[in-house]
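Worksheet: one structure, shown below.
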Amino acid sequence: MRIGRVIGTIVATRKDEKLVGSKLMVTQPLNIDLMPKGDPIIAVDTVGAGIGELVAYTTGTASRIGARKMDAPIDAAIVGIIDEIDINKALLDKS
Amino acid sequence: MRIGRVIGTIVATRKDEKLVGSKLMVTQPLNIDLMPKGDPIIAVDTVGAGIGELVAYTTGTASRIGARKMDAPIDAAIVGIIDEIDINKALLDKS
Amino acid sequence: MRIGRVIGTIVATRKDEKLVGSKLMVTQPLNIDLMPKGDPIIAVDTVGAGIGELVAYTTGTASRIGARKMDAPIDAAIVGIIDEIDINKALLDKS
Amino acid sequence: MRIGRVIGTIVATRKDEKLVGSKLMVTQPLNIDLMPKGDPIIAVDTVGAGIGELVAYTTGTASRIGARKMDAPIDAAIVGIIDEIDINKALLDKS
Amino acid sequence: MRIGRVIGTIVATRKDEKLVGSKLMVTQPLNIDLMPKGDPIIAVDTVGAGIGELVAYTTGTASRIGARKMDAPIDAAIVGIIDEIDINKALLDKS
């Protein structure tokens, strides 16, 4: 999984019928300082994530597993809401 | 899914026979400001996307699912036409 | 699929036996201006692509599907020869 | 696999139920000098890796195989603890 | 496949038991000039590649196919030893 923040939603009237009923959230990947890095993805929400929340999201087949929709064209899904991240940055200094 | 814009088409007379009948659209990935970022991909259209439209596209196995062609060499597909994106960029400032 | 140009071949005497008989082409990914971008890949040719030709290639499982060799260690395949690309670059300017 | 260092943990109360019981470790990808490169991922620990340890981690389907949880939304897993890396950098100079 | 050079080995006493018996080689991705580019990966050797050799390696499911170990957490494998690369760089200049 990657760390991301939910920053918005999209509306798509014409879409694959297997996506109907899935909440499509614009999710921004974050770096180790929880700052934006890279381009936003559209992930299916599977855990009731709200706008602004810090989340863990998957890509690929894991996303269809998370969404319980193996027959839907889903390649990214939010599978956890992060309450707390405990990182020891000092560990990055040792080679 | 990623956000992209359909910017063109390709013609390929000699191609895998399983691709015959699929509309191959040149699709430009976009960043959070909906500006071009990265290199274009060739995605199979599954929702009737037109040139210039803002779309959501998948990569990998999800694309064959979207195209309903599990036996075709497809690794990218347009699965939704985006009517509206609602992003709160202020959320990107909180670490 | 991605857009690439076939720029060479490799010879590998010792290789996975399932690759025997497959033509391994060095393929350079191209950007929107059809100029080199990123590092070359080795793709299995499935459509009779010649050196110098502009091609569409897949990555991942789609490549084994294209090669009709699901049991071979193939992760990239040329699945179409591009006769013509029609791109409207002006579309990239609208945000 | 890629080389990484375990630098932390996350707490996620609301998450996919298939992730319950999996240890989610924040893992930093490393470059050839074992220095941080790229953004951290959240990997499921399958080998008892501790904070600060140098590890080998997989991405994609290999991760669900490593975790022995094919039905869980897992796309990254720690599958080995690296005791020793023996690299001959002089080899990088020959073209 | 990508082009790489085998530059070392790793020792991992604690690892997924399905990896026991697999030779884990540190492999450096190379660019078109066969110079290092990007970060090293750990690939399972399936063809008897030695330190310093130029190789073709796969990523993803193709790697488990190459290793003949579909139930092992493998996401990269060396599947060929490159004897010769024949590239026509002049082809890169035509747009």
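Tabulate in residue order the Karplus-calculated ³J(HN,Hα) for the range C:55-70, using 6.51 cos²θ - 1.76 cosθ + 1.60 with θ = phi - 60°, rounded to whole Hz; enter x for Gly and Pro.
9, 10, 10, 9, 10, x, 4, 3, 6, 5, 4, x, 7, 6, 9, 5
Using modelled amide H (1.01 Å from N, peptide plane; none on Pro or chain starts), what sits under 5 Å from the amide H of A:Val79, excluding residues fewer than 5 places away?
Here the answer is A:Ala56, A:Tyr57, A:Thr58, since their amide H atoms fall under 5 Å of that of A:Val79.
Counting other Cβ atoms within 10 Å, keep those with at most 16, restrict to DSSP loop, and tell me which trypsin sites (Lys or Arg not before Pro) in the range A:1-31 are left. It would help to have the intermediate numbers written out before the result.
Details: sites: A:Arg2, A:Arg5, A:Arg14, A:Lys15, A:Lys18, A:Lys23; in loops: A:Arg14, A:Lys23.
Taking the range A:1-31 and a limit of 16 other Cβ atoms within 10 Å, the loop trypsin sites (Lys or Arg not before Pro) found are A:Arg14, A:Lys23.
Collect residues whose amide H, placed 1.01 Å from N in the peptide plane, falls under 5 Å from the amide H of D:Glu53; neighbours closer than 5 in sequence don't count.
Placed amide hydrogens put D:Val6 under 5 Å from D:Glu53.
Comparing D:Ala43, D:Ala76, D:Ala12, which has the greatest mean-square fluctuation in the GNM of chain D with Cα pairs linked when under 10 Å apart?
D:Ala12
As a test of the formula, what do you get for chain C when each DSSP H run with n ≥ 4 contributes -39,500 (n - 2.57) and the sum is divided by the residue count, at 222 nm and rounded to the nearest 500 deg cm²/dmol?
-2000 deg cm²/dmol
Roughly how large is the B-A contact in terms of buried accessible area, totalled over both chains, probe 1.4 Å, nearest 100 Å²?
Details: alone 6230 and 6240 Å², together 9740 Å².
Buried area between the two chains comes out at roughly 2700 Å².
Counting DSSP beta bridges with both partners in the range E:2-84, what percentage is antiparallel, nearest 5? Show your work: numbers first, answer last.
Details: 19 of 21 bridges.
Among the beta bridges of the range E:2-84, antiparallel pairing accounts for roughly 90 percent.
Carbon and sulfur together cover what percent of the accessible area of the range D:9-58 at a 1.4 Å probe radius? Walk me through the numbers before you get to the answer.
Details: 1000 of 1840 Å².
Carbon and sulfur atoms account for 55 percent of the accessible area of the range D:9-58.
So for the pair A:Asp71, A:Asp93, with labels modelled 7 Å out along Cα→Cβ, what separation do we get in nm?
According to this spin-label approximation, the distance is 5.6 nm.
Testing the spin-label approximation: label points 7 Å from Cα along Cα→Cβ at D:Glu17 and A:Asp83. State their distance in nm.
The answer from the label model is 1.8 nm.
Can you pull out the trypsin sites (Lys or Arg not before Pro) in the range B:53-95 that DSSP calls coil and that have at most 15 other Cβ atoms within 10 Å? Walk me through the intermediate numbers first.
Details: sites: B:Arg64, B:Arg68, B:Lys69, B:Lys89, B:Lys94; in loops: B:Arg68, B:Lys69, B:Lys94.
Loop-located and lightly packed - B:Arg68, B:Lys94.
Can you list, shortest first in nanometers, how far B:Pro29 lies from the same residue in the other copies, with each label 7 Å from Cα toward Cβ?
So the label point of B:Pro29 gives 0.7, 0.7, 1.2, 1.2 nm to the other copies.
Apply the Karplus parameterisation 6.51 cos²θ - 1.76 cosθ + 1.60, with θ equal to phi minus 60°, to every residue of the range B:28-35 and state each ³J(HN,Hα) to the nearest whole Hz, in sequence, with x for glycine and proline.
Those phi angles translate into 9, x, 10, 8, 5, 8, 6, 9 Hz.
Using a simple charge model, +1 on the beta-carbon of Lys and Arg, -1 on the beta-carbon of Asp and Glu, nothing else, what dipole does chain B show about its Cα centre, in debye to the nearest 20? If you can, show how the numbers build up before the last one.
Numbers: 12 positive and 12 negative charges, 55 e Å.
For chain B, the charge dipole is close to 260 debye.
Which of the pairs C:Lys15/E:Lys23; B:Lys37/D:Lys15; A:Lys15/B:Lys23; A:Lys18/C:Lys37; D:Lys23/E:Lys37; C:Lys23/E:Lys18 have their Cα atoms more than 27 Å apart in this structure?
Values: C:Lys15/E:Lys23 16 Å; B:Lys37/D:Lys15 32 Å; A:Lys15/B:Lys23 16 Å; A:Lys18/C:Lys37 35 Å; D:Lys23/E:Lys37 33 Å; C:Lys23/E:Lys18 32 Å.
From C:Lys15/E:Lys23; B:Lys37/D:Lys15; A:Lys15/B:Lys23; A:Lys18/C:Lys37; D:Lys23/E:Lys37; C:Lys23/E:Lys18, over 27 Å: B:Lys37/D:Lys15; A:Lys18/C:Lys37; D:Lys23/E:Lys37; C:Lys23/E:Lys18.
Rolling a 1.4 angstrom probe over the protein heavy atoms, how many square angstrom per residue are accessible across chain A?
37 Å²
What are the nm distances, shortest first, from B:Met70 to its equivalents in the other copies, labels at 7 Å along Cα→Cβ?
Result, one decimal in nm: 0.9, 0.9, 1.4, 1.4.
Short version: what are the Cα gyration tensor semi-axes of the range E:2-84, square root of 5 times each eigenvalue, largest first, in whole Å? Before the final figure, lay out each step's value.
Numbers: eigenvalues 88, 35, 24 Å².
Values for the range E:2-84, descending: 21, 13, 11 Å.
How far is E:Ala90 from the same spot in each other copy, in nm, shortest first, if each label point sits 7 Å from Cα toward Cβ?
So the distances to the same position in the other copies read 3.8, 3.8, 6.1, 6.1 nm.
Running a GNM on chain E with Cα contacts under 10 Å, which residue among E:Thr27, E:Thr13, E:Thr46 ends up with the highest mean-square fluctuation?
The residue that fluctuates most here is E:Thr13.
Using θ = phi - 60° and the Karplus relation 6.51 cos²θ - 1.76 cosθ + 1.60, list the HN-Hα couplings for the range B:22-27 in order, rounded to whole Hz, with x at every Gly or Pro.
Working through the residues one at a time gives 8, 7, 9, 10, 6, 10 Hz.
The values are calculated or read from the model by the stated rules, or taken from the named source; none is laboratory data. Everything quoted here is computed from the prediction, not taken from an experiment. Reconstructed Cβ throughout: ideal geometry from the backbone, glycine too, with neighbour counts over all protein chains shown. Just so you know, the surface numbers come from the protein's heavy atoms only, side chains and all, with ligands and any DNA or RNA stripped out. Shrake-Rupley method; radii C 1.70, N 1.55, O 1.52, S 1.80 Å.
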